[in-house]
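Novice: For reference, the structure I am asking about is given below.
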Amino acid sequence: MRTDAAISLSLATALDTLRQRGLGLRRGSEAPMPEQARPSVPTGHRSLDAALGTAGWPRGALALIDAPAGSGATTLALGTLAASLLVALLLRDPPAVGSATARPSLGAVYRSAAVWRLGIVFGLYAVAYIVYGTFFAAHLAQRGVDGVTAGRLWSLVGVASIGSGLLGGVLADRLGSSLALAAMFAMEGTGLALLALGDGLAWYAVSAIFFGASFWGFPSAISKACAEIVGPALAPAAIGLLAVFFGVGQVVGPVVGGLLADWTGALSAALLLGAAADLAGVVGSLLLPQRMVDGKQ
């Protein structure tokens, strides 16, 4: 039967052989000479790096930790193994600089004329949608519709909007974002025109359905348009820029609509402003490019 001393001697001999072949590196009392030092992965603790004999765990070498029982050597080894597995599963190296997969510059978004045109289109949507929502109940009251009935008509907008996001996404996938946006603008503009020019509950109900059916379709089509123009990697940055146009549209719509209503004495003028914004949106959508060419549009 082999004794512990014999086993330890055999292990030391094996490790010494590995070390001589460049595959093993003993930690502790035998710190490597500078010319023998290997690339290493820092542990994040200077004292532990020093105890290991290099600047951390060595790359391509076996590390033997000489430590008495109960010192935490096993915990250190298993913890390092667990951390290595997590890093391998969850982290990825960034793309090499200059490679085909390198992240494009954000300047490509802000310098793109196509993104700015899309921003104007998104701003027109904001004008139309906020005008409808702002003047809906007041316009119906002006037409003699009581508040309860107006609330029920507005609920039709919510019901019709349930599938509007899916509709916008399907149209963008089947027809392309440009035609999908044009279709959404046409539906929303129809709703605004029916509300402004129609007279009777049936007209108002159809108006609410048209408006609601287009409501959430715009964000779906706009998101796809951003990806088509600047690519998926920069689409979030483009959407962020478009949000500025959307905010401006939400401010401009009610102000100009209110001025028109005061000037004409009828809220239908404000609603027709929204319909005109939708018509401009149809034209602007059809003029949008489908792809970005060489980073310039």
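Novice: Ile130 - would you say it is crowded, with 18+ Cβ neighbours inside 10 Å, assigned by TED's automatic domain parsing to the domain that holds Ala233 and closer than 21 Å to Met187 by Cα? It would help to see each step written out before you state the result.
Specialist: Values: crowded, with 18+ Cβ neighbours inside 10 Å: yes; assigned by TED's automatic domain parsing to the domain that holds Ala233: yes; closer than 21 Å to Met187 by Cα: yes.
Considered against the rule, which asks whether it is crowded, with 18+ Cβ neighbours inside 10 Å, assigned by TED's automatic domain parsing to the domain that holds Ala233 and closer than 21 Å to Met187 by Cα, Ile130 comes out as yes.
Novice: If you don't mind, another one. For region 183-203, how many residues meet the condition of being closer than 27 Å to Val170 by Cα and of a type outside the set (A, V, I, L, M)?
Specialist: 5
Novice: Could you pull out the residue among Arg103, Arg143 that is at pLDDT below 90, over 17 Å from Ala225 (Cβ atoms) and not hydroxyl-bearing (Ser, Thr, Tyr)?
Specialist: Working: Arg143 fails: at pLDDT below 90.
So the residue among Arg103, Arg143 that is at pLDDT below 90, over 17 Å from Ala225 (Cβ atoms) and not hydroxyl-bearing (Ser, Thr, Tyr) is Arg103.
Novice: Let me ask something additional. Please find, among Phe245, Phe210, the residue that is touching a residue at least 60 places away in the same chain (Cβ under 8 Å) and hydrophobic (A, V, I, L, M, F, W, C). Talk me through it step by step, then tell me what you get.
Specialist: Values: Phe210 fails: touching a residue at least 60 places away in the same chain (Cβ under 8 Å).
Just one listed residue meets the conditions, Phe245.
Novice: Can you tell me how many residues within region 134-160 are in contact (Cβ under 8 Å) with a residue 24 or more places away in the chain and more than 19 Å from Leu124 (Cβ to Cβ)? Walk me through it before giving the result.
Specialist: Quick first cut of region 134-160, residues in contact (Cβ under 8 Å) with a residue 24 or more places away in the chain only: 134-136, 138-140, 142-143, 145, 149, 153-154, 156-160.
Next, from what is left, pick out any that are more than 19 Å from Leu124 (Cβ to Cβ): 138-140, 142-143, 145, 149, 153-154, 156-160.
Total satisfying the criteria: 14.
Novice: Here is a list of conditions, (1) surrounded by fewer than 22 Cβ atoms within 10 Å (Cβ to Cβ); (2) modelled with pLDDT of 90 or more, and Leu195 meets all of them except one; can you say which number that is?
Specialist: The single condition Leu195 does not satisfy is (1).
Novice: Taking region 213-238 as the region of interest, how many residues are among the aliphatic types (A, V, I, L, M), surrounded by fewer than 21 Cβ atoms within 10 Å (Cβ to Cβ) and touching a residue at least 12 places away in the same chain (Cβ under 8 Å)?
Specialist: Taking region 213-238 as the starting set, the residues that turn out to be among the aliphatic types (A, V, I, L, M) are 213, 221-222, 225, 227, 229-230, 233-235, 237-238.
With the extra rule that they be surrounded by fewer than 21 Cβ atoms within 10 Å (Cβ to Cβ), the set shrinks to 227, 233, 235, 237.
Then keep just the ones that are touching a residue at least 12 places away in the same chain (Cβ under 8 Å); that gives 233, 235, 237.
Final tally of qualifying residues: 3.
The values are calculated or read from the model by the stated rules, or taken from the named source; none is laboratory data. Because the structure is a prediction, the values reported are computed rather than measured. Glycine also receives a Cβ, built like all others from the backbone with ideal geometry; neighbour counts cover every protein chain displayed.
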